[in-house]
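S.K.: This is the structure I want to talk about, given as structure tokens.
The values are calculated or read from the model by the stated rules, or taken from the named source; none is laboratory data. The model shown is predicted, which means the values in this text are computed figures rather than measured ones. Ideal geometry is used to build each Cβ from the backbone, glycine not excepted, and the neighbour counts take in all protein chains shown. Surface areas here come from the heavy atoms of the whole protein model, side chains and all, with no ligands, DNA or RNA. Shrake-Rupley method; radii C 1.70, N 1.55, O 1.52, S 1.80 Å.
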Amino acid sequence: MVSFNKMKGGRILLLLVCSSVITLGVFAAGPPTCPADLGGKCSDSGEWEGEFFPGIPKIKYEGPSSKNPLAFKWYNAEEEILGKKMKDWMRFSIAFWHTFRGTGGDPFGAPTKYWPWEDGTNSLAMAKRRMRANFEFLEKIGVDRWCFHDRDIAPDGETLEESNKNLDEVVALAKELQGTKIRPLWGTAQLFMHPRYMHGGATSSELGVYAYAAAQVKKAMEVTHDLGGENYVFWGGREGYQSLLNTDMERELDHLARFCEAAVAYKKKIGFIGTLLIEPKPQEPTKHQYDWDAATTANFLRKYGLIGEFKLNIECNHATLSGHSCHHELETARINGLLGNIDANTGDPQIGWDTDQFMTDISEATMVMISVIRNGGLAPGGFNFDAKLRRESTEVEDIFLAHISGMDTLARGLRSAAKLIQDGSLAELVRKRYQSFDTEIGAQIEAGKGDFETLEKLAMKWGEPKVPSAKQELAEMIFQSAL
């Protein structure tokens with residue numbers, strides 16, 4: 001590894017020297033690029049404004065026949081599908097934490113990613129440099145939304161006041177860089193990494209932690225609002241338990257509800273019109289998380305009178321961890337009027353944890369898009385790429401390749417879903433399956449007027465019912481033909 005880094009550094013140094021000589025012969029030089037060696041201009045100033053991704057052009061649509069890896073094959077932002085531009089169906093967003101804070105480290109190994117612009121610190125200057133890299137990436141990938149946790153974009157301070165000051169300084173830069181065309185799809189507070197949150201934030205047994213979590217969420221909501229964010233997310237990674245023997249579950253759930261009520265009140269107080277979203281996950285890092293899945297979270301919202309104040313941010317990998325498909329979770333959220341946003345990723349079927357991989361399965365993407373179309377879209381939500389590079393992918397170009405692949409997969413899924421809807425065969429198969437309810441008595445049952453006495457008389461009159469085939473194989477054939 002040491003000799004490889006030296007060789008790589010030597011090649012880059014030679015390239016820089018040659019580039020400098022060539023530049024002397026032209027009238028105007030282009031913007032400076034971020035060198036791979038940490039002793040260059042990029043590492044000695046948080047105000048660096050050079051190019052972070054030299055040699056990578058703005059990604060364009062070239063169509064399915066293109067062999068260019070740095071081009072979209074299926075995602076054509078301005079193309080209309082089912083009466084809406086593809087970019088408006090998708091509303092793509094880049095996750096700051098995976099894209100610019102991901103290191104490739106895991107429980108068994110050290111970090112593998114050392115991006116050229118990193119200086120090995122978590123300083124305020126470094127935070128600003130990452131923010132500049134973020135907006136260059138957004139511009140080149142052609143995405144106008146991003147998502148963040150407060151502590152991902154700005155360093156934690158020694159006190160809450162210092163942390164807030166750090167956040168304000170980075171947010172001021174972000175606001176300047178994003179201009180009028182870019183905005184956060186959503187923001188959130190990181191209430192799971194610091195040791196104070198070992199028992200949770202809103203469900204902690206310690207009042208001081210509950211208060212600190214409230215203060216942190218308050219600030220995160222403020223900066224999300226200030227940046228023009230369209231949503232605000234609550235992910236309760238530590239809001240759960242390891243054992244019920246030492247847990248008052250009812251009290252913790254009550255506390256969580258009071259926390260959510262306070263968030264609703266503060267949202268209205270500051271005039272934030274965005275949607276509040278809860279992101280279900282069954283476990284990891286806790287043994288049991290209170291927002292286990294979409295149905296559990298919907299029940300929590302109903303019990304505490306919060307329906308209408310929150311919607312759900314469905315993450316596909318979380319769906320599989322809870323024993324469901326992503327399509328199941330999306331449909332559960334949709335039919336309850338709670339589908340607000342999608343964290344676009346997937347898990348490995350051979351691995352039982354949250355691997356946050358980019359979605360590349362066309363079948364899964366098509367089923368996801370069926371739910372999105374049925375929902376009429378996701379706005380003001382969208383698709384956030386809560387996905388990270390694999391540990392073994394260590395080149396800057398890989399960041400682009402991963403997002404291109406994820407965007408193309410969902411775009412192809414949208415095209416396939418539209419084809420299924422326009423063809424109508426699958427919808428007709430489903431209609432025929434339930435056609436016995438398209439009768440007078442069926443309508444009475446669905447209107448809540450099918451009493452047991454009447455149904456008993458009909459059962460005796462009709463005798464043993466004939467149960468037709470569900471045509472499962474035919475449904476799968478129709479689905480596959482659209483991919």
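S.K.: For residue 379, work out the one condition from (1) open to solvent by 30 Å² or more (accessible area, probe 1.4 Å); (2) outside any loop (DSSP other than H, G, I, E, B); (3) of a type in the set (A, V, I, L, M, F, W, C) it doesn't fulfil.
M.R.: (2)
S.K.: Determine which member of the set 388, 419, 432 is within 26 Å of residue 228 (Cα to Cα) and charged (D, E, K, R).
M.R.: Only one candidate passes the filter, namely 388.
S.K.: Hey, can you tell me all the residues within the stretch 322-336 that are within 21 Å of residue 256 (Cβ to Cβ) and surrounded by fewer than 22 Cβ atoms within 10 Å (Cβ to Cβ)?
M.R.: Of everything in the stretch 322-336, those that are within 21 Å of residue 256 (Cβ to Cβ) and surrounded by fewer than 22 Cβ atoms within 10 Å (Cβ to Cβ) turn out to be 322, 336.
S.K.: Further question on the same structure: Going by the conditions given, is residue 265 aliphatic (A, V, I, L, M), out of contact with any helix residue (DSSP H, G or I) (no Cβ under 9 Å at 6 or more places or on another chain) and open to solvent by 30 Å² or more (accessible area, probe 1.4 Å)?
M.R.: Against the criterion (aliphatic (A, V, I, L, M), out of contact with any helix residue (DSSP H, G or I) (no Cβ under 9 Å at 6 or more places or on another chain) and open to solvent by 30 Å² or more (accessible area, probe 1.4 Å)), residue 265 qualifies.
S.K.: To continue, here is another question. Among 427, 417, 365, 411, which is hydrophobic (A, V, I, L, M, F, W, C), open to solvent by 10 Å² or more (accessible area, probe 1.4 Å) and either more than 16 Å from residue 343 (Cα to Cα) or not in a loop (DSSP other than H, G, I, E, B) (or both)?
M.R.: 427
S.K.: Next up: Please give the helices (runs of 4 or more DSSP H) falling wholly within the stretch 58-162 in which 2 or more residues are open to solvent by less than 30 Å² (accessible area, probe 1.4 Å), out of contact with any Pro (no Cβ under 9 Å at 6 or more places or on another chain) and over 30 Å from residue 353 (Cα atoms).
M.R.: 124-141
S.K.: Looking only at the stretch 300-316, decide whether some residue is open to solvent by 10 Å² or more (accessible area, probe 1.4 Å), touching a residue at least 12 places away in the same chain (Cβ under 8 Å) and under 23 Å from residue 243 (Cα atoms).
M.R.: Looking through the stretch 300-316, at least one residue is open to solvent by 10 Å² or more (accessible area, probe 1.4 Å), touching a residue at least 12 places away in the same chain (Cβ under 8 Å) and under 23 Å from residue 243 (Cα atoms).
S.K.: Out of the stretch 389-408, which residues are in contact (Cβ under 8 Å) with a residue 60 or more places away in the chain, open to solvent by 10 Å² or more (accessible area, probe 1.4 Å) and part of a helix (DSSP H, G or I)?
M.R.: Hits for the stretch 389-408 are 396, 397, 401, 408.
S.K.: Something else about it: Applying the selection to the stretch 150-178, what residues are within 17 Å of the chain's Cα centre (by Cα) and within 30 Å of residue 78 (Cα to Cα)?
M.R.: Correct list: empty.
S.K.: Mind checking which pairs have a first residue in the stretch 150-179 that is over 21 Å from residue 233 (Cα atoms) and free of Cβ contacts under 8 Å to residues at least 24 places away in the same chain and a second that is open to solvent by less than 10 Å² (accessible area, probe 1.4 Å) and in a helix (DSSP H, G or I), Cβ under 8 Å, 6 or more apart or different chains?
M.R.: Between residues of the stretch 150-179 that are over 21 Å from residue 233 (Cα atoms) and free of Cβ contacts under 8 Å to residues at least 24 places away in the same chain and residues that are open to solvent by less than 10 Å² (accessible area, probe 1.4 Å) and in a helix (DSSP H, G or I), the close pairs are 157/163.
S.K.: Could you give me the residue pairs with C-beta distances under 6 Å whose first residue belongs to the stretch 218-238 and is under 22 Å from residue 253 (Cβ atoms), whose second residue is among the charged types (D, E, K, R) wherever it lies, and which are 6+ apart or on separate chains?
M.R.: 233/279; 235/279; 236/291
S.K.: For residue 170, which of the numbered conditions (1) assigned to a loop (DSSP other than H, G, I, E, B); (2) over 22 Å from residue 342 (Cβ atoms) fails to hold?
M.R.: Residue 170 satisfies every listed condition except (1).
S.K.: If a residue has to be of a type outside the set (A, V, I, L, M) and in contact with a Phe, Trp or Tyr (Cβ under 8 Å, 6 or more places away or on another chain) to count, how many in the stretch 116-134 make the cut?
M.R.: Residues meeting the conditions: 6.
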